[in-house]
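Novice: Shown below is the structure under consideration.
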Amino acid sequence: MNKKKNFIQRMDVEARFSLIRTAMAIAIGLGLAVVLILLSAKNPAESLRYFFLGPLQILNPNVKPAIGWNYFDYWIQQMIPILFTGAAVSIMFSASKINLGLEGSIMAGGLACAWVCCLLDGDMVAKNANPALCIILGLAVATIAGALVTLIPALLEKRFGANVMVTSLMMNYVILYISQYCLFSTTLRDPKTSKYSYQWTEKPVLTFKKIFGTKITFRWGLIIAIVVVILAWIFLYKTKWGFRIRQIGQNPSFAKYVGVSVVGLGVLVQVIGGAIGGLGGATVILGNYNYYYGIEMTGYGWDGVIMAIFARNNPKKLFLSCAFIAYIRAGALIMSTQPGGPINEMTQIVEGVIILFLLAERFLAKTHRKMIVADARDKQAAKLAAEA
């Protein structure tokens, strides 16, 4: 307990206040969730148990088909894509680049990966394709495709002064309709299914079930996502490019004055963000499916914005942020599949409330001022004591 107190005391005022503010926002959001469950569930006690403890269940013989056979695995499955998009948005937002094309990057990455995997056999019936080639080539091509999606709005802004937020949003729909065209009107579509691509392997190549003699699912996608988040943090906080990018985000005029290439680094961060999004899209496809199905928005791009807000654009904080959001989403879905359970969309209300309080500048403002005054008094007292 003393170690915990010492750790908190070693934090500066802003870090402590940020911790308190985030904890309060989460507490308010979860409190609202409890109230909604109590008002809408036929069996509130059972619904609360599924919401708060459901994702921790490794095995459950009564799992509904909408979730699968493993609650815990569903939690991990939900966490993987938002780790990718959270890292991508954190990098772009650190330079104050509001490129919202990650939704398109994810779809483009999944589509490009599917094309590569299906073409490996040459006749679009690649059921015996080498899994290693699917993984290596698929991830590489998907990364390039994702980068191109965010590069186009970046270049339009640089060359013509186009609003990157508007052009990136439009790119999402361009990629969506391209994806629909490829599935409905090209040889990628499997004629036996009418809305899926050909299968390239018998099962997802990045997922292994029943490892070590148990029924725990191992997902390589989680390992890849963790590596990407760590590299994003190293890039932003341990390299000179990352320092310059954060300078641009804090004060672009000063950064330009001291010789930082504001425009060039602005384009670079958008390309890096799109590449991470494309890699995430391919990882989701290879980890969850053995075919491509991309005729609607995934929502992962918008989730990345939420994750970046939670983590305050610091990839190091993404692990807890993504784990928390994925956990309450998994719990809500598990709860909604039970008889008399509340609707799954309840989590959107909870997330919205939490984000609202995190973005409210006046939230706990009095507490912030009191902490600053108390810290100044402590420092003054320590200084006088040292002089004495």
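Novice: Using only C-alpha atoms and all pairs of different ones, pull out the Kirkwood radius for the range 237-298 in Å with one decimal.
Specialist: Evaluated over the range 237-298, this radius sits at 14.0 Å.
Novice: Okay, next question. Beyond a 18 Å Cα-Cα separation, which of these cross-linked pairs lie in this structure: Lys256/Lys317; Lys256/Lys316; Lys158/Lys238; Lys97/Lys158?
Specialist: Long pairs (Cα-Cα over 18 Å): Lys256/Lys317; Lys256/Lys316; Lys158/Lys238.
Novice: What is the calculated FRET efficiency for Leu364 to Glu202, with r their C-beta to C-beta distance and R₀ = 41 Å, to the nearest 0.05?
Specialist: FRET efficiency, Leu364 to Glu202: 0.15.
Novice: Tell me the mean residue ellipticity at 222 nm calculated for the chain from its helices only (DSSP H runs of n ≥ 4, each -39500 (n - 2.57), averaged over every residue, nearest 500).
Specialist: Here the helix-only value at 222 nm equals -23500 deg cm²/dmol.
Novice: Right, another one. Give me Rg over Rh for the range 193-303, both radii from the alpha carbons and Rh done the Kirkwood way, two decimal places.
Specialist: Ratio value, two decimals: 1.14.
Novice: Determine the per residue accessible area of the chain with all protein chains present and a 1.4 angstrom probe, expressed in square angstrom.
Specialist: Heavy-atom accessible area per residue stands at 51 Å².
Novice: Could you tell me the calculated FRET efficiency between Ile349 and Asn288, based on Cβ-Cβ distance and R0 = 22 angstrom, to the nearest 0.05?
Specialist: Efficiency at R0 = 22 Å is approximately 0.25.
Novice: Go ahead and set up a Gaussian network model of the chain, Cα springs under 10 Å, then flag whichever of Trp200, Trp75, Trp241 fluctuates most.
Specialist: So, out of Trp200, Trp75, Trp241, the one fluctuating most is Trp241.
Novice: Something else about it: Whole-Hz Karplus ³J(HN,Hα) for the range 268-276, in order, using 6.51 cos²θ - 1.76 cosθ + 1.60 and θ = phi - 60°, x for Gly and Pro?
Specialist: Working through the residues one at a time gives 4, 5, 5, 5, 4, x, x, 4, 5 Hz.
Novice: Per residue of the range 223-239, in order, report the coupling 6.51 cos²θ - 1.76 cosθ + 1.60 (Karplus, θ = phi - 60°) as ³J(HN,Hα) in whole Hz, putting x for Gly and Pro.
Specialist: Karplus-based 3J(HN,Hα) across the range 223-239 equals 5, 4, 5, 4, 4, 4, 5, 4, 5, 5, 5, 4, 4, 6, 10, 10, 10 Hz.
Novice: Kindly state, as a whole number, the per residue volume in cubic angstrom of the convex hull around the alpha carbon atoms of the range 224-382.
Specialist: Hull volume normalised by residue count: 198 Å³.
Novice: Starting from 0.36 nm per residue, how many nanometres of slack lie between Thr239 and Leu356 once their C-alpha separation is accounted for?
Specialist: 38.8 nm
Novice: Could you compute the FRET efficiency for Arg246 and Ile144, with r as their C-beta to C-beta distance and R0 at 25 Å, rounded to 0.05?
Specialist: 0.40
Novice: May I ask you to compute the full-extension gain from Leu155 to Lys195, defined as 0.36 nm times their residue separation minus their alpha-carbon distance, rounded to one decimal in nm?
Specialist: Taking Leu155 through Lys195 to full extension adds about 11.0 nm, to one decimal.
Novice: Average the reciprocal distances over every distinct pair of alpha-carbons in the chain, invert the result, and give the Kirkwood radius in Å.
Specialist: 22.8
Novice: For the range 135-249, rounded, prolate or oblate, judged on the Cα gyration tensor with a ≥ b ≥ c (square roots of eigenvalues), a/c < 1.5 rounded, else prolate if a/b > b/c?
Specialist: Oblate, because a/c is 1.5 or more while a/b does not exceed b/c.
Novice: Follow-up question, since we're still on this one. If you wrap a convex hull around the C-alpha atoms of the range 138-185 and split its volume per residue, what is the figure in Å³?
Specialist: Cα-based convex hull of the range 138-185, divided per residue, equals 75 Å³.
Novice: For the chain, with all protein chains present and a 1.4 Å probe, just round the carbon and sulfur fraction of the accessible area to a whole percent.
Specialist: About 65 percent, which is the carbon plus sulfur part of the accessible surface.
The values are calculated or read from the model by the stated rules, or taken from the named source; none is laboratory data. Keep in mind the model is a prediction, meaning the values are calculated, not measured. All Cβ positions, glycine included, derive from the backbone under ideal geometry; neighbour counts span all protein chains shown. SASA here: full protein model, heavy atoms, side chains in, ligands and nucleic acids out. Shrake-Rupley method; radii C 1.70, N 1.55, O 1.52, S 1.80 Å.
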